[in-house]
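Take a look at the structure below.
A short reminder: the numbers here are calculations on the coordinates, not readings from a lab. Fair warning: this is a prediction, and the values are worked out from it, not measured in the lab. With ideal geometry, Cβ positions are generated from the backbone for all residues, glycine too; neighbour counts draw on all protein chains shown.
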Amino acid sequence: MIPGQFVYHRPASIAEAVAVLAAHGDEARPLSGGHSLIPMMKLRMATPEHLVDLAGISELKGISQQGQTIVIGAMTTQADLIKSDLLASALPIIRETSLQIADPQIRTKGTIGGNVANGDPGNDMPGLMQCLGATYHLSGASGERTVAARDFYQGAYFTSLDVGEILTSISIPVPPAGHGYAYEKLKRKIGDYATAATAVILTMADGKVATCSIALTNVSSTPLFAEEAAQLCLGTSLDAATLKAAGEAAKSISDPAADGRGTAEYRREMAGVVTARALAKAASRAMKGA
Amino acid sequence: MGVEGIGQSVVRKEDKRFITGKGKYTDDIKLQGLTQAHFVRSPHAHARIKSIDTSAAKAMPGVVAVLTGSELVGDKIGNLICGWMVHSKDGSPMKMGAFPAMANETVRWVGQAVAVVIAETKNLARDAAEAVVVDYEELQAVVDVREAVKPGAPQLHPEAANNTIYQWSIGDQSATDAAIAGAAHVVTMDIMNNRLVPNPMEPRSAVAQYDSADDHLTLWTTSQNPHVARLLLSAFYNIAPENKLRVIAPDVGGGFGAKIYVYPEEIVCLWAARKIDRPVKWTADRSEAFLTDAHGRDHVSKAELAFDADHKIIGLRVHTYANFGAYMSLFSSSVPTYLYATLLSGQYNIPNIYCEVDGVYTNTVPVDAYRGAGRPEAAFLIERLMETAARQFGMSPADLRRKNFITQFPHQTPVIMTYDTGDFNASLDAAMKAIDYAGFPARKAASAAKGKLRGIGISCYIEACGIAPSKAVGSLGAGVGLWESAEVRVNPVGTVEVLTGSHSHGQGHETTFAQLISTRLGVGIDTVQIIHGDTDKVQFGMGTYGSRSGAVGMSAILKAVEKVEAKARKIAAHLMEAAEGDIVIEGGEVKVAGTDKKMPWALVALAAYTGHNLPDGMEPGLKEGAFYDPTNFTFPAGSYIAEVEIDPDTGKTTVCNFTAADDFGNLMNPMIVEGQVHGGIAQGIGQALLEGTVYTGDGQLLTASYMDYAMPRADDLPSFDIHHTCTPCPGNPLGIKGCGEAGAIGSPPAIINAITDALGHNHIEMPATPDRVWHAIHSRMAAE
């Protein structure tokens, strides 16, 4: 488990990082928390000649509120997300999700930027960002641009990120106070990727669902924004029949692979189960909050 | 004896260095001029090696040598052996294919070593290994025993037709057939025992040093039995004669059986160290551990248990395919035969047993002993049958067991074993009381009200520890004796060194063995040093496995300390002018009974070494050795009860309660015993719920990392409720039975019996993953 040789770069600014990446093209890889890239390098399945460590760039770190938007720097670790009072009050689903990622050691190093930008279908943050309607800010040699999380993922490890581009921050619209939320993750063991997981944000008015957003993790080659399932919930009290219908809608867009977590049939079924459970939990929280 | 004697929960002496990071493991050994080895391993499960080109690798920076299997052959390094001869039922010896330390012509599993690169650093060795070009001609592979024995299956070794190593049998076939034919009820089951990867915390490691001036080799290695390693390296692998080879097993971070064997890597490091005249180190990374540590279990069985009209067992017939992997590992032949089928009688009076075992080669990692070694397979089989029979009869599983328990001892089973003692009703009573068995229906109803399925499962296991006596195992084919040695050295100041042939790799010997000395000589455990794991210090020993170190290793120490006491009494009697028979050793003093005459223990020791005033003709010194060969196995037994709750929507099983009531005979240190039971149960629950070793059809190990192979974690386990009953073992002077493996033996059937109880669906394979449980629930719903 020893990686091959590479040149290590530690830029101090986004501009410097972009310049180094541009200079080396395909032969360079940005490094954030390293929990995906380093194991692949140790197995020699990834062999970058230049490793551009983003850890020294202070402008990539931190959590702030700008009006009705929360902005999270790409190099903010999951441990930072869990500790943030701002997120705990404005976006508690981020804390709930972060606590279900891997284990405390990994959360100390793992970053939100790496988690969303790597395009690993097993990662938890991409689905959550789709649920929240987040926007990714990208920087590259040709300048800056933004891409919606819901448009970012094209296939397993295949995203809208161009060669030489880095994801610098994520902006998330703050959901209304009193919203209901839940991240329901079914997994074999602590530290594992989801067998299936669902993120839900909703609001209730007069006991009925007023707004609803649902996204699914690890039941396809990309995260899935479950628009139809969410639509089915609007105007209902999330009765048993609605939960079942929403679960069925989530299942219908799922296309999981068979793996150590279960057969494809089972994992698709679980997408329905965790969706119904996430909706029920989010509704109960919204009712309590109201 | 006081707070440090046997029977007391003395805190482990060794833990200070382990928990402060001061343990000294093989990989911590640093030597002048040390080189690092990296093995080139086969990426194919079955292939012919057409050529190996090492020229580019040899030219890489820092490379000292690149060696291959053909050079091993040239230097007459021996192939790996299997140390237990097992014969087929037709009388023919087992069919063993050659197992070279590095493959020369054919590779037979993914991970088999084909070459070694030795370089100045680990990184340079790893880089150069990329440049070794091996040209393979791929062959068809087979991984499943049922496929491997079919006509037309890929053949692994020319010596073993149909990949079959042996077709062994035990018991009376015609009597068993007749009993089953005439039975009122027969319960028939197909039972799988899943393949497991051992995963000790410390990966295997070896450091070899050659002293050219003395033509002497030293090996530091992660071994459970360094003396046996030296014997094999000398007598069979042609590394060096025993007087020119020292083997040291320093601190070893867990073994579970996987560190009993001499592996190819140790042989190659020793051979290479002499060849390059520099020390060589190799340490496995975790991926290599998954691909090279001997795996455990992997049985496919068909079993029939026959009862009379009164539900008394009248016969058991079993056929088992045992997967050996690609080669026969050191003790592989004994595990699915003498360590398995001899325990099939369980805790029950079974008049007729017949078992056939087919040992089969496949293109997988070699399989050998893993915590329990054969006994977990036997316990799982008989305890699944008993639970299933009770359900078929509509009887309480406890009542059916009680009806068939052996209650008279000694008891001769039809499969070799003579159970010496036990009280199976007592342990079942204790477990049922502790878990509130009677209150289960109410707890089940409470779970049902939450939409959950609750189940309870019993397992009444028996196992055999302290494999012995040497004469008996020799007659069954073992290549070694299974006695143990000890030496007790009293220093002139009265402190004590105990040299033992046992080896501690987590068992706490430094504490329990010192407790024995403390009890006998009345000295504090801090004045006792336990020395083990070094062939230059300890004369000979058989190491630690099969829960033998208490029953056999401590008995040898007791024999030696009794000799020391006898001599000390003679000296004290002479010094105090008293009769030898009146001398008593207690509380750190040597006393004349019935008088106030006494002297400190240390002064007796000093007198032995000054030699100024000893009885006429007595040699100076106070040091005695002993060899102890037991008269029988020991038979730990107990009852485990598991209670589980299943989420029917997800199939996820939660173990809510787990109670163990074990009869280990006398306990030397109850705290350490409890720790051993905890670890064993955790491993057993891991096997039952999580640990599945998965191969693709072409022999790639899919579960070769912790990402894919699910080990149990703290949150997978309940707080265990541990109880003890006691029938002292009559076979050794301390009354010890052994406790190291019981947890892993007794727990898998308890868990699966509980799950099948919850499901009302009698068949589920281990590991009972959420996916399998969910399918079991939904296939039953579909059937209804």
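Among B:190-199, B:294-303, A:54-63, how do they line up from the highest to the lowest mean number of other beta-carbon atoms within 10 Å?
Going from most to least packed, we get B:294-303, B:190-199, A:54-63.
From the phi angles alone, apply the Karplus equation (6.51, -1.76, 1.60; θ = phi - 60°) to the stretch B:391-403 and give each ³J(HN,Hα) in whole Hz, x where the residue is Gly or Pro.
Residue by residue, the stretch B:391-403 yields 5, 5, 7, x, 9, 5, x, 5, 5, 4, 5, 4, 4 Hz.
Pick from A:ILE38, A:ILE93, A:ILE101: which is most flexible by mean-square fluctuation in a GNM of chain A where alpha carbon atoms under 10 Å apart are linked?
A:ILE38
Can you work out the Karplus-derived ³J(HN,Hα) for every residue in the stretch B:652-669? Use 6.51 cos²θ - 1.76 cosθ + 1.60 with θ = phi - 60°, whole Hz, and x for glycine or proline.
Coupling constants for the stretch B:652-669: 7, 9, 10, 7, 7, 9, 9, 10, 10, 10, 9, 10, 9, x, 6, 9, 7, 8 Hz.
Evaluate the relative contact order of chain A (contact order divided by residue number), counting alpha-carbon pairs under 8 angstrom at least 6 apart; express in whole percent.
Rounded, it is 15 percent for chain A.
Please get the size of the charge dipole for the protein assembly as shown, origin at its Cα centre, with Cβ charges of +1 on Lys and Arg and -1 on Asp and Glu, quoted in debye to the nearest 20.
Magnitude of the dipole: close to 900 debye.
What's the local net charge at B:ALA750, with K and R +1, D and E -1, over the other residues with C-beta under 12 Å away?
-3
With no solvent and one equal point scatterer placed on each C-alpha of the protein assembly as shown, evaluate the Debye formula and give log10 I(q)/I(0) for q = 0.05, 0.07, 0.08 Å⁻¹, two decimals.
Scattering profile of the protein assembly as shown, log10 relative to I(0): -0.38, -0.73, -0.94.
What value, in deg cm²/dmol to 500, does the helix sum -39500 (n - 2.57) over DSSP H runs of n ≥ 4 give at 222 nm once divided by the residues of chain B?
-8000 deg cm²/dmol
With everything on Cα atoms, drop me the angle between helix A:14-24 and the longest principal axis of chain A, reported from 0 to 90° to the nearest 10.
60
Using only Cα atoms, what is the ratio of the radius of gyration of the stretch A:59-173 to 2.2 N^0.38 Å?
0.98
What share of all Cα pairs of the stretch A:7-52, in percent, falls into each consecutive 10 Å distance bin?
29, 54, 17, 0
Using only Cα atoms, locate the centre of the stretch B:390-458 and the centre of the stretch B:529-594, then give the distance between them in Å, rounded to an integer.
The two parts, judged by their Cα centres, are 42 Å apart.
In debye, nearest 20, what is the charge dipole magnitude of chain B about its Cα centre with +1 on Lys and Arg Cβ and -1 on Asp and Glu Cβ, if you could check?
Here the size comes out at about 240 debye.
List B:GLU288, B:GLU589, B:GLU105 from most exposed to least, where exposure is judged by having the fewest other Cβ atoms within 10 Å.
B:GLU105, B:GLU589, B:GLU288
Considering the options A:PRO11, A:SER36, A:PRO48, tell which one lies farthest towards the positive end of the dipole of the stretch A:7-52, charges being +1 on Lys and Arg and -1 on Asp and Glu at the Cβ, about the Cα centre.
Working it through, the farthest residue towards the positive pole turns out to be A:SER36.
Gaussian network model of chain A, Cα springs within a sub-10 Å range: biggest mean-square fluctuation belongs to which of A:GLU27, A:GLU165, A:GLU96?
Largest GNM mean-square fluctuation: A:GLU27.
Each residue of the stretch B:321-331 in turn: what ³J(HN,Hα) in whole Hz from Karplus with 6.51, -1.76, 1.60 and θ = phi - 60°, glycine and Pro shown as x?
9, 10, 7, 8, x, 7, 9, 7, 6, 4, 10
Please work out the C-alpha center-to-center distance from the stretch B:338-372 to the stretch A:185-205 and express it in whole Å.
Cα centres, the stretch B:338-372 to the stretch A:185-205: 43 Å.
Can you tell me which lysines have their Cα less than 19 Å from the Cα of A:LYS244? Leave out same-chain residues fewer than eight positions away.
A:LYS185, A:LYS208, A:LYS281, B:LYS450, B:LYS452
Just the ratio, please: alpha-carbon radius of gyration of the stretch B:158-291 over 2.2 N^0.38 Å, N its number of residues.
1.56
What is the set of long-range amide H partners of B:ILE191 at a cut-off below 5 Å, with H atoms built 1.01 Å from backbone N?
Those lying under 5 Å, H to H, from B:ILE191 are B:SER301, B:LYS302, B:ALA303.
Give me the one-decimal nm value for the distance between modelled label points at B:LYS244 and B:ALA449, 7 Å along each residue's Cα-to-Cβ direction.
Reported label-point gap for B:LYS244 and B:ALA449 is 7.8 nm.
When you count, for each residue, the other Cβ atoms within 10 Å and take the mean per peptide, how do B:468-474, B:614-620, A:145-151 rank with the highest first?
Averaged packing, sorted descending, gives the order B:468-474, A:145-151, B:614-620.
Please compute the net charge surrounding B:MET766, taking Lys and Arg as +1 and Asp and Glu as -1 over other residues with Cβ under 14 Å from its Cβ.
Its environment carries a net charge of -3.
Which percent, nearest 5, of DSSP beta bridges in chain B are antiparallel?
So the antiparallel bridges amount to about 80 percent of the total.
For B:SER92, B:SER223, which order do you get if you count the other beta carbons within 10 Å of each Cβ and list the fewest first?
B:SER92, B:SER223
Could you pull out the pairs from B:LYS13/B:LYS563; A:LYS187/B:LYS259; B:LYS24/B:LYS122; A:LYS83/B:LYS22 whose alpha carbons sit more than 24 Å apart here?
Violating the 24 Å Cα-Cα cut-off are B:LYS13/B:LYS563; A:LYS187/B:LYS259; A:LYS83/B:LYS22.
Return the average number of partner chain Cβ atoms within 10 angstrom of each residue Cβ along peptide A:259-272.
Shielding by partners across A:259-272 averages 4.
Based on the Cβ-Cβ distance from A:ALA240 to A:ASP151, what FRET efficiency comes out when R0 is 45 Å, to the nearest 0.05?
Working from the Cβ atoms, E equals 0.85.
Angle between the Cα long axis of helix A:264-289 and the longest principal axis of chain A, 0 to 90 degrees, nearest 10?
That works out to roughly 70 degrees.
Within a 10 angstrom radius of the beta carbon, how do A:MET41, B:MET711 rank from fewest other beta carbons to most?
Least to most surrounded, the residues fall as B:MET711, A:MET41.
Over 43 Å, how big is the tail of the calculated P(r) for chain B, in percent of all Cα pairs?
That fraction is 31 percent.
Go through B:82-90, B:574-582 and give me the packing order, highest mean Cβ count within 10 Å leading.
With the highest mean Cβ count within 10 Å placed first, the list reads B:82-90, B:574-582.
Could you state the number of Å between the C-alpha centres of the stretch B:732-784 and the stretch B:1-35?
For the stretch B:1-35 versus the stretch B:732-784, the Cα centre distance is 36 Å.
Less than 15 Å Cβ to Cβ from B:TYR370, Lys/Arg counted +1 and Asp/Glu -1: what total charge do the surrounding residues give?
-1
Relative to the Cα centre, what is the charge dipole magnitude of the stretch A:180-289, using +1 at the beta carbon of each Lys and Arg, -1 at the beta carbon of each Asp and Glu, and rounding to the nearest 20 debye?
That gives the stretch A:180-289 a dipole magnitude of about 460 debye.
Over 10 Å intervals from 0, what percent of Cα-Cα pairs in chain A sits in each interval?
Bins of 10 Å from zero give 7, 29, 34, 21, 7, 1, 0 percent of pairs.
I'd like the antiparallel share, as a percent to the nearest 5, of DSSP beta bridges with both residues in the protein assembly as shown.
Close to 80 percent.
Is the C-alpha gyration tensor of the stretch A:180-289 telling us rounded, prolate or oblate? Criteria: a/c under 1.5 is rounded; beyond that, a/b larger than b/c is prolate, otherwise oblate.
Taking the square roots of the gyration eigenvalues as a ≥ b ≥ c, the stretch A:180-289 is prolate.
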